[in-house]
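Here the structure is laid out as structure tokens; the discussion comes afterwards.
The values are calculated or read from the model by the stated rules, or taken from the named source; none is laboratory data. Predicted model, so just to flag it, every value in this text is computed and none were measured. Quick reminder, even Gly has a Cβ in these numbers, built from the backbone with ideal geometry, and neighbours come from all protein chains shown. Side chains are part of the model used for accessible areas, which takes the heavy atoms of the whole protein and leaves out ligands, DNA and RNA. Shrake-Rupley method; radii C 1.70, N 1.55, O 1.52, S 1.80 Å.
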Amino acid sequence: MKSVLLKKILAAGLTALVSLPAMAQEDSLKDFAGYVDFGELNSIFGEPAVQISVGASLLGLVGSLSASEDPETAELFKRLKGVRVNVFETENMVDGAVGLVKDVSARLSELGWDSVVTVNSQDEQVRVFMMIRDNQVEGITVMALDDTESVFVNIIGNINPDQLGKVMNNFDIEINGNGNGDGDDSDD
């Protein structure tokens, strides 16, 4: 009996220790202007299918390692403070996801974020916001959902808009809609 209780306590303690660095990293990002609190995503959607949270240390390391191959990308990674990606399978939960996107969008607008992309089609909703201060992008947030999944991305740090495509490509995230033939990329 004592052995089972001891194993449970040990497992709980190890779980807490393993999660501390991730929680500390998340907490350290909250002080930056480009950070977005998406609220309790897990309480609405459950556990994410994909969750990425990369802080400044790892981004700086990636930047240093890629400096000889791609100096432009290396410099960009060194200026980032964090990249957070959460992907949820949301089949049969679209209403909750749409409500959350609307709530977060309203909150971002109130906090001074600029809405740069809004897509309201029958089968998808997309929002892209930028936090711009002193002619510098300090954060980018992407919220995209369709019938099967919801994606929440927050890029924190000093971002040159010309380098946005490079950041997204390095994290295998497509936000520009190229290649779908719908013509949404026109210069109206």
With a point put 7 Å past each Cα toward its Cβ, work out how far GLU40 is from VAL119 in nm, to one decimal. 3.1 nm
Out of the total accessible area of segment 60-161 (probe 1.4 Å, heavy atoms of protein only), what percent is carbon and sulfur? 45 percent
Accessible area of SER64 in the full protein assembly, 1.4 Å probe (Å², nearest 10): 70 Å²
